[in-house]
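Single-structure report; data block below.
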Amino acid sequence: MNFITPFLLGFVTAVIGIIPPGLLNMTAAKVNLKEGKKNALSFVFGAVIVIFFQAYLAIMFARVIDRRPDIIALLREIGFGIFAALSIYFLWLAKKPKIKEARIDKKSGKKRFFLGMLLSALNFFPIPYYVFVSISLSSYALFSFNSTPIFIFVTGVVLGSALVFYSYITSFQKIEKKTDYLLKNMNTIIGCITGLISIITLFNIIKYYLQ
């Protein structure tokens, strides 16, 4: 059985999903700067535990959906509408984000662990993201919804997420200026990404109805 492919797919998709500056990775970096690496790693550990369950539940949900082509077609149409609307919003309507310093009061490592879990739980992006990714990979025969590939894929997701968080912790001071630039242009970046996804989704919708 091929264990490497689902692991690499989970690892790469996690890196792609988490590497843009966001609440979790920026908070991990700020905790490291203000309180040290030990507390920052406690925060990361709490965050990746929640990410594990979010990714696993997302794939379980995707496995149910994958058995219903009619539901997949409907979700693609809904997804196309959502992503197209998001592209229009972020590219033309949204105001430029203001960069604010994160206020972090010194806490114990245990509290940082639970803070990581809390912020990760409040982030609902991983669930639809991994549903979309796993169904897409399955449609190209790159991933199967069996127990072992699912567990290996989720393990890759956890390790990929942890690597990104750790990179922010260790390299934040070196990339801070680039990060500020990304934050200032985040609306354009998100708009381009959602626009690309909406085009791919539209292509899949047309392909489905032409079959």
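Bear in mind that the values in this text are calculations on the coordinates, not laboratory data. Since we're looking at a predicted model, the values are computed, not measured. Note: ideal-geometry Cβ built from the backbone for every residue, glycine included; neighbour counts use all protein chains shown.
At an R0 of 25 angstrom, the distance between the Cβ atoms of I82 and K207 translates into a FRET efficiency of 0.80. The phi-based Karplus calculation (6.51 cos²θ - 1.76 cosθ + 1.60; θ = phi - 60°) puts the 3J(HN,Hα) values of region 126-133 at x, 5, x, 4, 6, 5, 4, 5 Hz, whole numbers, x for Gly and Pro. Magnitude of the charge dipole for region 1-90, about its Cα centre and with charges confined to Cβ atoms of Lys, Arg (+1) and Asp, Glu (-1), is about 280 debye.
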